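Structure, as structure tokens:
The values are calculated or read from the model by the stated rules, or taken from the named source; none is laboratory data. Here the structure is a predicted model, which means the values were calculated and not measured. Don't worry about glycine lacking a Cβ; one is built from the backbone with ideal geometry, like all the others, and counts go over all protein chains shown.
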Amino acid sequence: MMSESRAVPQGSQDAFKAANTLVLASGTLAETATLAGVIAEALTPGDVVLLDGPLAAGKTTFVTSLCRALDCAEQPSSPTYAISNIYTCPRFEVFHIDAYRLSGVDEFYNLGIEEFFPDSVALIEWGERVAEAFVDPLRIAISFEDAESEGRVYTFASTGKRWQGLMAQLRARWPDAGV
Ligand SMILES: Nc1ncnc2c1ncn2[C@@H]1O[C@H](COP(=O)(O)OP(=O)(O)OP(=O)(O)O)[C@@H](O)[C@H]1O
Ligand SMILES: [Mg+2]
């Protein structure tokens with residue numbers, strides 16, 4: 001696992017909103033599962049994780065790895081047609097949402113599920129479509145060069161305090177990270 005990190009100012013006049021980012025490259029599905037395991041351990045009720053990346057990047061696969069690490073009762077499936085699935089896990093319930101067919105936050109609010117989020121963890125594929133609905137989500141952008149290989153690059157970004165500890169932990173675990 002290779003990594004690098006940097007602070008990226010998101011708005012030139014808005015220094016306190018600078019995103020904390022971290023880039024981790026995984027070579028195999030097994031490595032991705034290890035990464036998901038570290039993240040799963042850090043999750044607590046109220047957390048929102050936004051997963052982005054092109055078709056077949058591995059958003060659903062990442063959710064599956066997270067849910068396996070969380071010991072959830074159900075096996076995640078692509079919720080594109082249902083939009084939202086709910087899984088029962090020992091520490092909390094997981095809302096698995098696919099925002100692909102949502103036109104934006106209004107349609108998301110129409111689902112009426114965000115009232116449950118304070119007690120649950122939300123994992124949202126195509127999350128940037130509804131990002132403005134959340135105060136301090138963990139953003140994970142997945143990219144790849146060769147769809148046939150298992151190599152994937154995970155770019156983590158967050159702006160508030162919530163995810164600083166996890167980002168520091170990931171940097172410590174994969175110390176070839178930049179500053
Ligand atoms: N390191 C990896 N991480 C994730 N998926 C991988 C990896 N290596 C190979 N794959 C494969 O890539 C595919 C990813 O499919 P997946 O359904 O997870 O993508 P997705 O981003 O959810 O797509 P969609 O936009 O259609 O929802 C799977 O077939 C998976 O086995
Ligand atoms: Mg998917």
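Do we have ARG91 as touching a residue at least 60 places away in the same chain (Cβ under 8 Å) and basic (Lys, Arg) here?
No.
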(request) Looking for whichever is of a type outside the set (Phe, Trp, Tyr), over 18 Å from ILE142 (Cβ atoms) and within 16 Å of ligand 1 (Cβ to nearest atom) here; the options are VAL49, VAL94. Which one fits? (result) VAL94
(message) Suppose we keep only residues that are surrounded by fewer than 16 Cβ atoms within 10 Å (Cβ to Cβ) and more than 26 Å from ALA33 (Cα to Cα) within the stretch 119-142. Which one would you say is nearest to ligand 2 (Cβ to nearest atom)?
(response) GLU132
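Hey, among the residues in the stretch 92-115 that are farther than 26 Å from PRO54 by Cα and surrounded by 14 or more Cβ atoms within 10 Å (Cβ to Cβ), which one's farthest from ligand 2 (Cβ to nearest atom)?
Result: PHE92.
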(request) Scan the stretch 100-112 and report the pairs whose first residue is closer than 18 Å to LEU123 by Cβ and without any contact (Cβ under 8 Å) to a residue 40 or more places away in the chain and whose second residue is within 16 Å of ligand 1 (Cβ to nearest atom) and of a type outside the set (Val, Ile, Thr), with Cβ atoms within less than 6 Å and a gap of 6+ or a chain change. (result) TYR100/TRP126; LEU102/ARG129; PHE108/LEU102
(request) For residues that are within 11 Å of the chain's Cα centre (by Cα) and under 14 Å from TRP163 (Cβ atoms), tally how many sit in the stretch 128-140. (result) 4
(message) Criterion first (away from ligand 2 (no atom under 16 Å from the Cβ) and part of a loop (DSSP other than H, G, I, E, B)) does THR44 satisfy it?
(response) yes
(message) Looking for something more than 18 Å from the chain's Cα centre (by Cα) and more than 14 Å from ligand 2 (Cβ to nearest atom) - is there at least one such residue anywhere in the stretch 65-85?
(response) yes
(message) Restricting to the stretch 160-173, name every residue that is buried (at least 19 other Cβ atoms within 10 Å of the Cβ) and part of a loop (DSSP other than H, G, I, E, B).
(response) TRP163
(request) Report whether or not ASP71 is touching a residue at least 40 places away in the same chain (Cβ under 8 Å) and exposed (fewer than 13 other Cβ atoms within 10 Å of the Cβ). (result) no
(request) Search the stretch 144-167 for residues that are at pLDDT 95 or above and pair each with any residue that is charged (D, E, K, R) and surrounded by fewer than 18 Cβ atoms within 10 Å (Cβ to Cβ) when their beta-carbon atoms are under 6 Å apart and the residues are at least 6 apart or on different chains. (result) ARG162/ASP136
